[in-house]
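Chemist: I'd like to ask some things about the structure below.
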Ligand SMILES: [Ca+2]
Ligand SMILES: [Ca+2]
Ligand SMILES: [Ca+2]
């Protein structure tokens with residue numbers, strides 16, 4: 001199918017989707033998709049480190065600068081996650097034997113999930129603890145830049161694969177749930193900016209963003225990721241509704257599921273993401289904006305804007 005045929009089919013999908021309900025869905029990248037790094041013109045380029053099998057790690061979608069993760073997934077340890085991890089594939093160009101680490105570049109920021117995505121200070125002294133072995137670093141309100149630590153050594157063929165631990169601490173300074181000690185981190189979406197470092201900070205990545213969903217619906221996660229990807233990380237356009245850096249049929253389906261028609265307001269908060277011209281409805285105008293950024297299986301131009 002050529003591009004016009006795909007778009008024409010997509011229009012039919014939209015027009016036929018008036019009664020579909022928006023579904024809650026997680027935003028990608030799904031599965032084992034870590035922060036990938038490789039050497040590139042004297043700095044570290046980031047991308048998606050995809051580990052399906054230990055012997056088959058790939059670096060995909062270079063230029064990715066935003067990752068998502070979630071707390072309250074594991075009932076036994078709800079305020080701990082080790083995702084995303086960090087990886088480099090064989091042939092990454094990273095010098096063998098050098099140390100890979102990170103620095104924290106921002107305070108821990110927070111959005112409560114209501115209205116448009118908007119991040120500000122945490123609301124109840126929450127902090128993010130990043131732990132590896134005996135080393136700990138903390139991000140909270142007013143912490144700003146925090147020098148991190150090394151967590152991996154590049155192998156002889158240029159590989160690393162390591163996970164550090166992330167804990168979301170409540171105002172009581174621990175990751176123990178309220179059911180056990182009466183206090184835990186407020187539900188919402190948390191955001192931190194970091195950089196990956198190589199060889200004692202002599203080589204750095206561009207800033208990257210990590211988003212942690214703490215107990216909210218996945219679709220609110222999607223709103224935050226969409227907004228951050230289009231406005232801060234600048235690695236994907238707003239029309240990438242399902243967060244895979246492509247504007248493709250799946251995004252048309254997401255828009256179709258929220259289609260209301262001209263001047264008919266969307267009511268499901270999950271559908272804010274599909275209102276690309278922010279006029280309160282999801283109609284042909286929004287579809288036209290998506291169509292303009294359509295990229296199919298290729299990465300979409302991040303600068304494509306409504
Ligand atoms: Ca607690
Ligand atoms: Ca997409
Ligand atoms: Ca609209």
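The numbers here are math on the coordinates, done by the rules we state, and not lab data. Bear in mind that the values here come from a model prediction, so they are computed numbers and not experimental data. Note that we place each Cβ from the backbone using ideal geometry, even for glycine, and neighbour counts take in every protein chain shown.
Chemist: Normalised by the number of residues in the range 94-136, what is the relative contact order in percent for Cα pairs under 8 Å and 6+ residues apart?
Modeler: The value is 26 percent.
Chemist: With the cut-off at 1.5 for a/c, could you classify the chain from its C-alpha gyration tensor as rounded, prolate or oblate?
Modeler: oblate
Chemist: Under 8 Å for C-alpha pairs, at least 6 residues apart: give me the relative contact order for the chain, rounded to a whole percent.
Modeler: Numbers: 730 pairs, mean separation 61.9, N = 306.
With pairs under 8 Å counted, the relative contact order is 20 percent.
Chemist: Additional query: With springs connecting C-alpha atoms under 10 Å apart, model the chain as a Gaussian network and identify which of 100, 252, 123 has the largest mean-square fluctuation.
Modeler: In the Gaussian network model the winner is 123.
Chemist: Length gain on complete extension for the stretch residue 43 to residue 292, per 0.36 nm per residue less the alpha carbon to alpha carbon distance?
Modeler: This chain segment gains 86.4 nm when fully extended.
Chemist: When only C-alpha pairs under 8 Å and at least 6 residues apart count, what is the relative contact order of the range 98-250, in percent?
Modeler: 24 percent
Chemist: Another one. Share of Cα-Cα pairs in the range 112-167 beyond 17 Å, in percent?
Modeler: When all Cα pairs of the range 112-167 are counted, 56 percent exceed 17 Å.
Chemist: Can I ask one more? Would you look at the GNM of the chain, springs on alpha carbons closer than 10 Å, and say which of 220, 183, 255 moves the most?
Modeler: 183
Chemist: Beta carbons within 10 angstrom, averaged per residue: use that to sort the peptides 65-73, 77-85, highest first. Present the calculation step by step, with values, prior to reporting the outcome.
Modeler: Numbers: 65-73: 20.2, 77-85: 18.3.
Highest mean packing first, the order is 65-73, 77-85.
Chemist: Moving on. Can you give me the angle between helix 218-231 and the longest principal axis of the chain, using Cα atoms only, in degrees from 0 to 90, rounded to the nearest 10?
Modeler: 80 degrees
Chemist: For residue 285 paired with residue 301, estimate the spin-label separation in nm (one decimal), with each label point 7 Å from Cα along the Cα-to-Cβ line.
Modeler: Using points 7 Å along Cα→Cβ, the separation is 2.2 nm.
Chemist: Counting each DSSP H run of 4 or more residues in the chain as -39500 (n - 2.57), what helix-only mean residue ellipticity at 222 nm follows after dividing by all residues, to the nearest 500 deg cm²/dmol?
Modeler: -4500 deg cm²/dmol
Chemist: Over the chain, with a Gaussian network built from C-alpha contacts below 10 Å, which listed residue (200, 75, 230) shows the highest mean-square fluctuation?
Modeler: Checking each option, the largest mean-square fluctuation is seen for 75.
Chemist: Could you list the residues of the range 83-100 with an amide nitrogen less than 14 Å from a label point located 7 Å from the Cα of residue 199 in the Cα-to-C-beta direction?
Modeler: Residues 93-100 fall inside that zone.
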